[in-house]
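The structure appears right after this line, and notes come after that.
Values in this text are rule-based calculations from the coordinates and carry no lab data. Values in this document were obtained by computation on a predicted structure and should not be read as measured data. For neighbour counting, all protein chains shown are included, and Cβ atoms are generated from backbone atoms with ideal geometry for every residue, glycine included.
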Amino acid sequence: MSNQNNQLIAFISKERRALVRYVRRKITDISEMDAEDIVADVVFNIYNKVDIQHHVDNMLAYMYRSVRNRMNDYLRKPRSTISLEQLDQVSGLPLSESIADPLANIEEQLARADIQEKLYHALLQLEPKYRAVWVATEFEGRSFKELSEKWGEPVGTLLSRKKRAKSKLQQLLREHL
């Protein structure tokens, strides 16, 4: 790779984030991916032009002008609107019905989140050695043998800690549920 190409790559790497921010400021309803696509398209075209640096006096201005032109192209492109009353081609139902998850139960999800929060607070009240065994076995899926080797504790001690942690958690959760 030539020194000129290396300089161009370094320059583009340095300016890419600023160009994406420029696109996001100028087009308020554009997604991050679309803004990056605009910049990537410009960068690709500039990089593939042979000896462009010999023909351009101010590369930064050239890039911003190219991005601005690409933004204009983006804004001119017609956008198709999707109606929620439009029929889904697969199911034949209106999109409003096919988007909704029939298995979603908001009350159940809120109750589960509430229980998870209470469990989290109960875990914080456990002694650290009990909490560590509980988290390692229940959440991380580690075996007692693995923990015994890693922590240098007998398996029986770890089993005892887990049993005490379980009893304490049950007590704390009964008080809060």
Candidate aspartates and glutamates for bridging to Lys166, where Cα separation is under 14 Å - those fewer than 8 sequence places away on the same chain excluded: Glu127, Glu138
Cut-off under 5 Å, modelled amide H: who pairs with Asp88 long-range: Leu93, Leu95
Computed E for Leu87/Asp41 - FRET, C-beta separation, R0 30 angstrom, nearest 0.05: 0.30
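Quick check for me: using +1 on Lys/Arg Cβ and -1 on Asp/Glu Cβ, what's the dipole size of the stretch 106-176 about its Cα centre, in debye to the nearest 20?
That gives a dipole near 420 debye.
Between Gln125 and Lys14, what is the FRET efficiency for a Förster distance of 45 Å, r being their Cβ-Cβ separation, to the nearest 0.05?
0.35
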Greater than 20 Å apart at Cα, pairs in Lys26/Lys49; Lys145/Lys168; Lys129/Lys150; Lys26/Lys77: Lys26/Lys49; Lys145/Lys168
Total formal charge among the other residues, if their Cβ is under 14 angstrom from that of Phe44, Lys/Arg +1 and Asp/Glu -1: 0
Listed candidates (i) 10.2; (ii) 20.5; (iii) 9.3 - label of the one calculated as mean projected area of the Cα convex hull in nm²: (ii)
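For a Förster distance of 35 Å, can you work out the FRET efficiency between the beta-carbons of Lys77 and Asn105, rounded to the nearest 0.05? Provide the component values of the computation, followed by the final result.
Details: r = 40 Å, r/R0 = 1.15.
Using R0 = 35 Å, I get an efficiency of 0.30.
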Cα convex hull of the stretch 106-176 - mean projected area over all directions, nm²: 5.0
Electrostatic dipole magnitude of the chain [Cβ: Lys, Arg +1; Asp, Glu -1; Cα centre; debye, to 20]: 840
